[in-house]
1. Can you give the accessible area of residue 44, probe radius 1.4 Å, in Å² rounded to 10?
2. So for the pair residue 24, residue 124, with labels modelled 7 Å out along Cα→Cβ, what separation do we get in nm?
3. Considering only protein heavy atoms, what is the solvent-accessible area of residue 23 at a probe of 1.4 Å, reported in Å² to the nearest 10?
4. Please give the contour-minus-distance gain from residue 115 to residue 98: 0.36 nm per residue of separation, less the Cα-Cα distance, rounded to one decimal in nm.
5. Within straight cross-link reach of residue 102, meaning Cα distance under 19 Å, which lysines are found once same-chain residues fewer than 8 apart are removed?
Amino acid sequence: MAGNSKTRTKEIIYDGDCLVCRTAVDKTRNRLNDSNIVYKQSKDYRNNTGQSNINRESFKKSIVYIEGNNVYTGANAIIMILKSMNGAHKILGYIISIPMIKQSVGLAYKIFGHHRYKFSRLLSDNRPRRDP
(Lines give C-alpha, C1' and ligand atoms only; values in the text may rest on other atoms or scores of the structure.)
Protein backbone atom coordinates (compact mmCIF):
# COMPACT_ATOMS: atom_id res chain seq x y z
CA MET A 1 0.00 0.00 0.00
CA ALA A 2 1.35 3.35 -0.96
CA GLY A 3 1.60 5.86 1.85
CA ASN A 4 1.29 3.22 4.58
CA SER A 5 4.63 3.66 6.28
CA LYS A 6 5.59 1.25 9.02
CA THR A 7 8.15 3.58 10.59
CA ARG A 8 8.05 3.50 14.34
CA THR A 9 8.09 6.64 16.42
CA LYS A 10 11.50 7.15 17.99
CA GLU A 11 12.34 9.79 20.56
CA ILE A 12 15.46 10.66 22.48
CA ILE A 13 14.74 12.74 25.57
CA TYR A 14 17.77 14.21 27.29
CA ASP A 15 18.87 16.78 29.86
CA GLY A 16 19.40 19.92 27.81
CA ASP A 17 20.98 21.70 30.78
CA CYS A 18 23.85 19.19 30.84
CA LEU A 19 26.72 20.12 28.50
CA VAL A 20 27.98 16.52 28.27
CA CYS A 21 24.45 15.30 27.48
CA ARG A 22 23.89 17.95 24.78
CA THR A 23 27.26 17.21 23.21
CA ALA A 24 26.60 13.46 23.14
CA VAL A 25 23.14 13.96 21.64
CA ASP A 26 24.50 16.34 18.98
CA LYS A 27 27.15 13.79 17.97
CA THR A 28 24.51 11.03 17.95
CA ARG A 29 22.17 13.14 15.82
CA ASN A 30 24.94 13.70 13.26
CA ARG A 31 25.87 10.01 13.15
CA LEU A 32 22.34 8.62 13.03
CA ASN A 33 20.97 11.10 10.49
CA ASP A 34 17.55 9.50 11.01
CA SER A 35 14.61 11.78 10.27
CA ASN A 36 12.33 9.38 12.19
CA ILE A 37 13.96 10.31 15.50
CA VAL A 38 12.64 13.26 17.46
CA TYR A 39 15.09 14.84 19.91
CA LYS A 40 13.62 16.63 22.91
CA GLN A 41 15.08 18.26 25.95
CA SER A 42 13.53 16.79 29.07
CA LYS A 43 12.28 20.18 30.29
CA ASP A 44 10.26 20.53 27.05
CA TYR A 45 8.95 16.97 26.92
CA ARG A 46 5.24 16.31 27.04
CA ASN A 47 4.11 12.71 27.15
CA ASN A 48 1.88 12.66 24.10
CA THR A 49 2.50 8.99 23.41
CA GLY A 50 -0.14 7.75 25.83
CA GLN A 51 2.46 5.62 27.59
CA SER A 52 1.85 5.61 31.31
CA ASN A 53 5.25 4.12 32.12
CA ILE A 54 7.12 7.35 31.34
CA ASN A 55 7.45 9.74 34.22
CA ARG A 56 9.29 13.01 34.68
CA GLU A 57 11.52 11.50 37.35
CA SER A 58 13.10 9.30 34.66
CA PHE A 59 14.35 12.42 32.91
CA LYS A 60 16.05 13.76 36.02
CA LYS A 61 18.22 10.67 36.25
CA SER A 62 18.90 9.53 32.72
CA ILE A 63 18.49 9.73 28.99
CA VAL A 64 15.27 8.16 27.70
CA TYR A 65 14.93 6.42 24.33
CA ILE A 66 11.46 5.56 23.08
CA GLU A 67 10.96 3.30 20.09
CA GLY A 68 7.37 2.46 19.34
CA ASN A 69 5.85 1.16 22.58
CA ASN A 70 9.21 0.43 24.20
CA VAL A 71 10.83 2.80 26.67
CA TYR A 72 14.51 2.50 27.59
CA THR A 73 16.33 4.56 30.21
CA GLY A 74 19.94 5.06 31.23
CA ALA A 75 22.43 2.48 30.00
CA ASN A 76 19.64 0.54 28.26
CA ALA A 77 18.79 3.66 26.25
CA ILE A 78 22.45 4.12 25.28
CA ILE A 79 22.65 0.47 24.21
CA MET A 80 19.56 0.73 22.02
CA ILE A 81 20.76 3.98 20.45
CA LEU A 82 24.16 2.44 19.69
CA LYS A 83 22.49 -0.64 18.18
CA SER A 84 20.52 1.60 15.83
CA MET A 85 23.75 3.11 14.47
CA ASN A 86 26.08 1.64 11.87
CA GLY A 87 29.60 0.26 11.99
CA ALA A 88 31.64 0.30 15.18
CA HIS A 89 28.85 1.97 17.19
CA LYS A 90 26.47 -0.88 16.41
CA ILE A 91 29.11 -3.45 17.38
CA LEU A 92 29.78 -1.55 20.61
CA GLY A 93 26.04 -1.64 21.36
CA TYR A 94 26.03 -5.43 21.07
CA ILE A 95 29.22 -5.81 23.09
CA ILE A 96 27.93 -3.77 26.01
CA SER A 97 24.70 -5.80 25.89
CA ILE A 98 26.63 -8.79 27.22
CA PRO A 99 25.24 -9.22 30.76
CA MET A 100 28.51 -8.86 32.69
CA ILE A 101 29.57 -5.81 30.68
CA LYS A 102 26.06 -4.36 30.75
CA GLN A 103 26.05 -4.46 34.55
CA SER A 104 29.30 -2.45 34.67
CA VAL A 105 28.03 0.01 32.06
CA GLY A 106 24.82 0.45 34.06
CA LEU A 107 26.79 1.25 37.21
CA ALA A 108 29.06 3.67 35.35
CA TYR A 109 26.01 5.38 33.84
CA LYS A 110 24.37 5.78 37.27
CA ILE A 111 27.54 7.37 38.61
CA PHE A 112 27.79 9.66 35.59
CA GLY A 113 24.09 10.55 35.79
CA HIS A 114 24.41 11.53 39.41
CA HIS A 115 27.47 13.74 38.73
CA ARG A 116 26.75 14.92 35.17
CA TYR A 117 26.71 18.61 36.07
CA LYS A 118 30.16 18.30 37.65
CA PHE A 119 31.42 16.59 34.48
CA SER A 120 29.81 19.35 32.42
CA ARG A 121 31.53 22.05 34.47
CA LEU A 122 34.88 20.30 34.04
CA LEU A 123 34.32 20.05 30.31
CA SER A 124 33.30 23.69 29.95
CA ASP A 125 36.25 24.84 32.11
CA ASN A 126 38.69 22.95 29.88
CA ARG A 127 37.39 24.19 26.55
CA PRO A 128 39.66 26.62 24.75
CA ARG A 129 38.44 30.17 25.10
CA ARG A 130 37.94 32.31 22.03
CA ASP A 131 38.88 35.96 22.21
CA PRO A 132 36.09 38.24 20.98
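1. Here the accessible area works out near 100 Å².
2. The modelled label-to-label distance comes out at 1.8 nm.
3. Approximately 40 Å² of residue 23 is accessible to the 1.4 Å probe.
4. So the extension gain works out to 3.6 nm.
5. 61, 83, 90, 110
The values are calculated or read from the model by the stated rules, or taken from the named source; none is laboratory data. Remember, it's a predicted structure, so these values are computed and weren't measured experimentally. Virtual Cβ from ideal backbone geometry, glycine too; neighbours counted across all protein chains shown. Note: accessible area is taken over every heavy atom of the protein model, side chains too, but ligands, DNA and RNA are not part of it. Shrake-Rupley method; radii C 1.70, N 1.55, O 1.52, S 1.80 Å.
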